[in-house]
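Enquirer: There's a structure below that I have some questions on.
The values are calculated or read from the model by the stated rules, or taken from the named source; none is laboratory data. Small disclaimer: the values here were computed from a predicted structure and weren't measured. Cβ coordinates were reconstructed from backbone atoms using ideal geometry, including for glycine residues, and neighbour counts include every protein chain displayed. Surface areas here come from the heavy atoms of the whole protein model, side chains and all, with no ligands, DNA or RNA. Shrake-Rupley method; radii C 1.70, N 1.55, O 1.52, S 1.80 Å.
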Amino acid sequence: MTKCRPKNMKTYRLVVGASSLALAVLLLSGCKIGDNSIKGSVKVTSQSNPCSEGFNAGPCVVEPGYFSASEGSNVIGSDGEVTFSIPQGYYSGAQTCTAQDSDLTPGNIVNGVTIFGVTGSLSAGASSLAANAHRNLGTTQISQSDEVTTYAGVDLPAGYRDVPDILLDDDGYAGGNVTYVNRTGWSTTTCGLSGTVDQRIADCAANGIIGTEATWDGAVKGNAGQGAWKLVTREGDLGSSLAGAGREVWRDERTGLLWSSKVATSLNWCKASGSNFITNNPFAQDDPNNYCDNATYQTTGTGPGNKAISACYEDGENYFTGTDGAIDDAGKGSLGLASTPAVRWRLPTIYDYNVANANGIRFVLPDADGNFDWSASVVSSGRLYAWFFSGSNGYVNYSYRNFTRAVRCVGR
């Protein structure tokens, strides 16, 4: 919040240095108020001011109030510029007016940048991506930007290696130089069962059993450029065939995407993705390899009476259904199209998996194992295949689309 002193019968303007933020902050030299096309919360904080030079016979009074269409509303400007108009009159040096914006918070400003005294915490752009060179567990991460600028042409800092250490620099599957989420004692513990996504995250973080393990920080627990993940919801051990793991949803803090637990351990690609050739279905497509248009692998017929089976995608049970003996919908943590907030799920692409793997997904999810997970990506050189991802070591390969694999979903 910055205060400004109006100058008599003059106007001033402020050019804000970050065009991505609608900041209603004024320079110390002055401000403008009163333009009806600009909404703001500029408040006159002094009731009276002496007038002189014959403008009025006695002291003139400015009633305290807000010169805006509505108190507390945002000031609207363009190209980082906000303009106010001051009513005509004479003002004492004690007269002040104040403008502020609730969006001027650390989370809306890039990490390390300070605007009007507020230092940002937002990770965005290349500066937020960590270098993927291998490092010792606990070594302070450097960014990709640092690697190609600060360390251009010189050795990486201590703890990083240009030449791999055979005993340390691996995929992390066996632990050692990577620390997994520690679920000791979690058992049937639940958290994050209601509220917004951020409220659910806060609830999990405050859980007395889960505690600090509700956040996995790859900068501290990883061996390369991993990022941060936060537990959104956990429904506990449901005692199903998925090795007793809790059904958990985690958010990748770099991408903002939500990742589910497995929703199936053995499902063909057609039912995993929802691909179908049902008459009237909005996504109907003739499968060139006769998999997803075949009743052996997917529902056929005419919609909406006949619904395509889809492990991830939901449309409110109109043309698609998640009802199938092989689908464990609880893996989505009760988040979906009908939940509050609504979450839209889809089958991850192989690129989603590649990014999530670099960010540390294999060390976070409760069921990241060798039971290969289908991706939405078809093999271009042979469309009877689709790519899959191994949650144990990051292995990527492809399989016939009519084969059965595990399924997890990515949401937004």
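Enquirer: Test Tyr353 against the stated conditions and say whether it is of a type outside the set (Asp, Glu) and open to solvent by less than 10 Å² (accessible area, probe 1.4 Å).
Expert: Numbers: of a type outside the set (Asp, Glu): yes; open to solvent by less than 10 Å² (accessible area, probe 1.4 Å): yes.
Answer is yes for this residue.
Enquirer: Ok, one more. Examine the stretch 386-397 for a residue that is within 25 Å of Thr299 (Cβ to Cβ), in contact (Cβ under 8 Å) with a residue 60 or more places away in the chain and over 22 Å from the mean Cα position of the chain (by Cα), and state whether such a residue exists. Let's see the steps before the verdict.
Expert: Of the stretch 386-397, the ones within 25 Å of Thr299 (Cβ to Cβ) are 386-388.
Still in the list and also in contact (Cβ under 8 Å) with a residue 60 or more places away in the chain: 386.
When the remaining residues are screened for being over 22 Å from the mean Cα position of the chain (by Cα), the result is 386.
Looking through the stretch 386-397, at least one residue is within 25 Å of Thr299 (Cβ to Cβ), in contact (Cβ under 8 Å) with a residue 60 or more places away in the chain and over 22 Å from the mean Cα position of the chain (by Cα).
Enquirer: Within the stretch 308-335, work out how many residues are out of contact with any Phe, Trp or Tyr (no Cβ under 9 Å at 6 or more places or on another chain), assigned to a loop (DSSP other than H, G, I, E, B) and open to solvent by less than 10 Å² (accessible area, probe 1.4 Å). Quick ask: steps written out before the conclusion?
Expert: First, the residues of the stretch 308-335 that are out of contact with any Phe, Trp or Tyr (no Cβ under 9 Å at 6 or more places or on another chain): 315-318, 321, 323-331, 333-334.
Adding the requirement that they be assigned to a loop (DSSP other than H, G, I, E, B) leaves 315-318, 323-328, 333-334.
Pick out the ones that are also open to solvent by less than 10 Å² (accessible area, probe 1.4 Å) and you get 333.
Here the count works out to 1.
Enquirer: Additional query: Would you confirm whether or not the stretch 389-398 contains a residue that is crowded, with 18+ Cβ neighbours inside 10 Å and touching a Ser or Thr at 6+ places or on another chain (Cβ under 7 Å)?
Expert: Within the stretch 389-398 (the criterion being crowded, with 18+ Cβ neighbours inside 10 Å and touching a Ser or Thr at 6+ places or on another chain (Cβ under 7 Å)), the answer is yes, since at least one residue qualifies.
Enquirer: Restricting to the stretch 278-307, give me the number of residues that are of a type in the set (A, V, I, L, M) and open to solvent by 10 Å² or more (accessible area, probe 1.4 Å). Walk me through it before giving the result.
Expert: Narrowing the stretch 278-307 to residues of a type in the set (A, V, I, L, M): 278, 284, 295.
Of the ones still in play, those that are also open to solvent by 10 Å² or more (accessible area, probe 1.4 Å) are 284, 295.
The total comes to 2.
Enquirer: Only one residue in Ser339, Ser310 is within 17 Å of Ala406 (Cβ to Cβ) and not hydrophobic (A, V, I, L, M, F, W, C). Which one? Working first, answer last.
Expert: Numbers: Ser339 fails: within 17 Å of Ala406 (Cβ to Cβ).
On inspection, the qualifying residue turns out to be Ser310.
Enquirer: For the stretch 123-135, does any single residue satisfy the condition of being farther than 26 Å from Leu365 by Cβ, open to solvent by less than 70 Å² (accessible area, probe 1.4 Å) and among the charged types (D, E, K, R)?
Expert: Narrowing the stretch 123-135 to residues farther than 26 Å from Leu365 by Cβ: 125-127.
Pick out the ones that are also open to solvent by less than 70 Å² (accessible area, probe 1.4 Å) and you get 125-126.
Now restrict to residues that are among the charged types (D, E, K, R): none.
For the stretch 123-135, residues farther than 26 Å from Leu365 by Cβ, open to solvent by less than 70 Å² (accessible area, probe 1.4 Å) and among the charged types (D, E, K, R): absent.
Enquirer: Then there is this: Which one of these is in contact with a helix residue (DSSP H, G or I) (Cβ under 8 Å, 6 or more places away or on another chain), acidic (Asp, Glu), at pLDDT 95 or above and more than 17 Å from Asp171 (Cα to Cα): Asp373, Asp352?
Expert: Numbers: Asp352 fails: in contact with a helix residue (DSSP H, G or I) (Cβ under 8 Å, 6 or more places away or on another chain).
So the residue among Asp373, Asp352 that is in contact with a helix residue (DSSP H, G or I) (Cβ under 8 Å, 6 or more places away or on another chain), acidic (Asp, Glu), at pLDDT 95 or above and more than 17 Å from Asp171 (Cα to Cα) is Asp373.
Enquirer: In addition: Kindly provide the set of residues from the stretch 264-277 that are in contact (Cβ under 8 Å) with a residue 40 or more places away in the chain, open to solvent by less than 10 Å² (accessible area, probe 1.4 Å) and within 20 Å of Arg383 (Cβ to Cβ), ordered by number. Quick ask: steps written out before the conclusion?
Expert: Just the residues of the stretch 264-277 that are in contact (Cβ under 8 Å) with a residue 40 or more places away in the chain, to begin with: 264-274.
After this cut, where a residue has to be open to solvent by less than 10 Å² (accessible area, probe 1.4 Å) as well, the list is 264, 267, 270, 272, 274.
Leu267, Cys270, Ala272, Gly274, listed by residue number.
Enquirer: Filtering the stretch 222-263 down to residues that are hydroxyl-bearing (Ser, Thr, Tyr) and either out of contact with any Ser or Thr (no Cβ under 9 Å at 6 or more places or on another chain) or modelled with pLDDT under 95 (or both), which residue is most open to solvent (accessible area, probe 1.4 Å)? Before you say what the answer is, go through the steps one by one.
Expert: In the first step, residues of the stretch 222-263 are kept if they are hydroxyl-bearing (Ser, Thr, Tyr); the result is 233, 240-241, 255, 260-261.
Narrowing the set further to residues that are either out of contact with any Ser or Thr (no Cβ under 9 Å at 6 or more places or on another chain) or modelled with pLDDT under 95 (or both) leaves 240-241, 255, 260-261.
Details: Ser240: 51, Ser241: 103, Thr255: 65, Ser260: 0, Ser261: 1 Å².
Out of the qualifying residues, it is Ser241.
Enquirer: Hey, among the residues in the stretch 138-163 that are without any contact (Cβ under 8 Å) to a residue 12 or more places away in the chain and not charged (D, E, K, R), which one's surrounded by the most Cβ atoms within 10 Å (Cβ to Cβ)? Let's see the steps before the verdict.
Expert: Going through the stretch 138-163, the residues without any contact (Cβ under 8 Å) to a residue 12 or more places away in the chain turn out to be 148-155, 163.
If we keep only those that are not charged (D, E, K, R) too, we end up with 148-154, 163.
Numbers: Val148: 11, Thr149: 9, Thr150: 12, Tyr151: 16, Ala152: 8, Gly153: 4, Val154: 7, Val163: 7.
Ranking the candidates gives Tyr151 first.
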